[in-house]
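Here the structure comes first, spelled out in structure tokens, and everything after it is commentary.
The values are calculated or read from the model by the stated rules, or taken from the named source; none is laboratory data. Every value quoted in this text rests on a predicted model; they were computed, and no experiment measured them. In this analysis, Cβ positions are derived from the backbone assuming ideal geometry, glycine residues included, and neighbour counts consider all displayed protein chains. For accessibility, only protein heavy atoms count, side chains too; no ligands or nucleic acids. Shrake-Rupley method; radii C 1.70, N 1.55, O 1.52, S 1.80 Å.
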Amino acid sequence: MRRSIIAILAALAIASVAVVPVGARSFGHIYAEGDTYRTFGTKAHVDPGTGTDPIYTFENSTNANQLSVARYAPGPGSHGGRWMIHHVTWVNDADRGILITKYSDLAWYVSHGRLTVERDEAADFRCPIIPNG
């Protein structure tokens, strides 16, 4: 009887450890290479100015679907989600509704003077991005 109770308690403890962290996470979303990825924050410390993967947040977009845009999706070129934060701002009010889901599109608007970019070293952080499937 005692073995049965211990086995049941051990199984419940393992199940709670396996389920609680995933259920407790609050997922956000981000664009990378035109696709949507899930993401969640971690408690990992990242010193200001040490991010390696560029991520761009939109300061004045009016498009309800606009998410931040990562320079790299998981895979080649990515450094594991150690984010180097940049804030982008539309120059012309008429452009604020444009949806950008790829870094190449963002770079085009920057090169044509339609978006400005400001680096924010103090905001660097670490978090994974995971396929949204």
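Overview of results
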item: Ser111 accessible area, assembled protein chains, probe 1.4 Å, Å²; result: 90 Å²
item: Pair-distance profile P(r), taking every C-alpha pair of the stretch 41-133, with 10 angstrom steps and integer %; result: 16, 47, 31, 6
item: Förster-model FRET efficiency, 35 Å R0, Val110 and Lys43, C-beta, rounded to 0.05; result: 0.60
item: In the stretch 34-113, the trypsin sites (Lys or Arg not before Pro) that fall in loop regions by DSSP, at most 11 other Cβ within 10 Å; result: Lys43
item: Solvent accessible area, Å² - His112, 1.4 Å probe, full protein context; result: 100 Å²
item: Cα radius of gyration and Dmax for the stretch 58-109 (Å); result: 12.1, 36
item: Linear extension gain, Phe27 paired with Val117, 0.36 nm per residue minus alpha-carbon span; result: 29.8 nm
item: Accessible area, probe 1.4 Å, largest first, for residues Asp47, Asp120, Asp93; result: Asp93, Asp47, Asp120
item: Sequence-separation-based contact order of the stretch 59-133, relative, with Cα cut under 8 Å and 6+ spacing, percent; result: 43 percent
item: Label-point separation, Val91 to Asn63 (7 Å along Cα→Cβ), nm; result: 1.8 nm
